[in-house]
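First up is the structure itself, then whatever we jot down about it.
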Amino acid sequence: MSSKLSNAKNTQDLLPEDHQYYTYIKKVVRHRSRQGGIRRITTPIYENKELIRTLLGDEQFNLLQDSFITAETGKEQYILRPALLFGMLRSYVQYKMSELPKPVELYSFEKAFFKRPGKLNQFDLYSVLIIGEEDPVIDAQLIKLARIIINDLKISNKVSLYFNVIGCNKCLPKYKQDLEQYYYGKEHTLCEKCNQNFAKAEYLALLDCQEEDCQILSKLAPKLPDYVCKDCKHHYERILEFLEALKIKHETSLTLLPKINCYDKVYFEFRYEDKVLIRGGRFDHLIEKLGDDPTPAAGFGMDIPAIVEAMKQEGLKVPFKDNIHVFLAQLGPDAKKKSLPLLYELREAGIKTVGAMGKGSMNQQIDLAHKLHVDYTLILGQMEVREGTIILRDMSKGKQKTMPFAKALPELKKLLGNKGLDKYKEGPDGMLS
């Protein structure tokens, strides 16, 4: 196939086998979010360019702008959301959620768009944001939520939590200044990427390089905890106390710093081997940038493709619910007419049923039933129509029996059992849940 007819570079198609993982992860995060009273929000896939610039600041926006995917409509300039956080914060301010009881707890499970070397430009994120409460117990609760989800997904044994105090707008300027002075004159010992970061004044990124010479320099560099103010240090220490109470293991990493500098006070990552699955921390200064009152906020973002990759690497299989219970085979116009209503009666009863109504040969239909790995096949031919009967074949045992047509549905419900049925649940108000 021509490359122009293939999927776009650094994107991927989610095939049915991939969707099994995405569906399962979404089910887990929805369940855990509901447990904590966290409500879902969905924002547009693109945001006004000036919103992103305002939240990041001119310097950082200019550094990152080549990583954004942009769109224009007339005079309006937009950026496909690089993270769910930006739209969630904008929505909080725009719709005056500050008038709601605090804290306001939101989550989103949507796609984000960001050019990352060697990674997907389009990816799914699960993000949680808790707004209006500055107590460190909120940070601990977010970390606990992330850990619970990791446990639910059965990869917790290989996932580690790294944590660091990173200061605030009061602490960081002096630290960055001293970091610049420390690295000044040492450019010849830095790798090419670090030299680029130094030239762009991304001094914090120098501390996270994995090159041997750069690591040696980073270990001797000024340590951020030595610069943090009393408020940040107290906040950090209180979180550690809560993590101990929750029995959450963690490692303090003095070189752990966010790639995008929009965090305050603390920052954490959950990592599987060398892959970052979850990033989180505080965003106490961002809402004020949007013209609202100063408002504390904390949250995290979970990289779903990275989670799926980790689950596959661990050889984990998720529950598969797309299996078909019954294949309905028929032969002849009268059989087709009689089987069509039965097809929908079976489905409404929670029995997952397919029927190749366009196939003419019974052998073709039975062969298809085998390929679909169905549990049972119902066979309705011209003779069965005349006699008011139907054949039920057990595909695994290779046995079959003839029964009255009206008994096919109750017999299958009995064979599959209530747990095997796929049905919506009806609530007390008659609405489907």
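The values are calculated or read from the model by the stated rules, or taken from the named source; none is laboratory data. Please read all numbers here as calculations on a predicted model, not as lab measurements. Counting neighbours? That spans all protein chains shown, and the Cβs are built from the backbone with ideal geometry, glycine included. Note: accessible area is taken over every heavy atom of the protein model, side chains too, but ligands, DNA and RNA are not part of it. Shrake-Rupley method; radii C 1.70, N 1.55, O 1.52, S 1.80 Å.
Couple of notes before you dig in:
- Across the stretch 172-198, the number of residues qualifying as hydrophobic (A, V, I, L, M, F, W, C) and surrounded by fewer than 12 Cβ atoms within 10 Å (Cβ to Cβ) comes to 0.
- Single match in 276, 266 (criterion: β-branched (Val, Ile, Thr), more than 17 Å from residue 88 (Cα to Cα) and without any contact (Cβ under 8 Å) to a residue 40 or more places away in the chain): 276
- Residue 324 being modelled with pLDDT under 95, in contact with a strand residue (DSSP E or B) (Cβ under 6 Å, 6 or more places away or on another chain) and more than 30 Å from residue 216 (Cβ to Cβ): yes
- Residue count for the stretch 135-171, restricted to those that are open to solvent by 40 Å² or more (accessible area, probe 1.4 Å), outside any helix (DSSP H, G or I) and farther than 26 Å from residue 316 by Cβ: 3
- Breaking point among (1) assigned to a helix (DSSP H, G or I); (2) in contact with a strand residue (DSSP E or B) (Cβ under 7 Å, 6 or more places away or on another chain), for residue 174: (2)
- Residue in the stretch 267-274 that is closer than 30 Å to residue 248 by Cα, of a type in the set (A, V, I, L, M, F, W, C), surrounded by 13 or more Cβ atoms within 10 Å (Cβ to Cβ) and touching a strand residue (DSSP E or B) at 6+ places or on another chain (Cβ under 7 Å) present: yes
- Top-ranked residue of the stretch 377-401 - restricted to ones that are part of a strand (DSSP E or B) and of a type in the set (A, V, I, L, M), ranked as nearest to residue 364 (Cα to Cα): 379
- Any hit, the stretch 22-35, residues being at pLDDT below 95, closer than 22 Å to residue 127 by Cα, outside any helix (DSSP H, G or I) and out of contact with any Leu (no Cβ under 6 Å at 6 or more places or on another chain): no
- Count of residues meeting criterion [closer than 24 Å to residue 374 by Cβ, open to solvent by 20 Å² or more (accessible area, probe 1.4 Å) and touching a helix residue (DSSP H, G or I) at 6+ places or on another chain (Cβ under 8 Å)] in the stretch 293-320: 2
- Residue match in the stretch 146-162 (condition: of a type outside the set (Lys, Arg), in contact with a Pro (Cβ under 8 Å, 6 or more places away or on another chain) and more than 21 Å from residue 238 (Cα to Cα)): no
- Test: residue in the stretch 184-207 that is touching a residue at least 60 places away in the same chain (Cβ under 8 Å) and assigned to a helix (DSSP H, G or I): no
- Residue in the stretch 329-386 that is farthest from residue 423 (Cα to Cα), counting only those that are touching a residue at least 40 places away in the same chain (Cβ under 8 Å) and open to solvent by 80 Å² or more (accessible area, probe 1.4 Å): 382
- Filter pass, residue 201 being of a type outside the set (Phe, Trp, Tyr), open to solvent by 30 Å² or more (accessible area, probe 1.4 Å) and within 26 Å of residue 54 (Cβ to Cβ): yes
- Residue count, the stretch 353-374 (criterion: of a type outside the set (A, V, I, L, M, F, W, C) and in contact with a strand residue (DSSP E or B) (Cβ under 7 Å, 6 or more places away or on another chain)): 3
- Within the stretch 243-279, considering residues that are in a strand (DSSP E or B) and among the aliphatic types (A, V, I, L, M), the one farthest from residue 171 (Cα to Cα): 277
- Yes/no for residue 230 being modelled with pLDDT under 95, closer than 30 Å to residue 123 by Cα, charged (D, E, K, R) and loosely packed, with under 15 Cβ neighbours inside 10 Å: no
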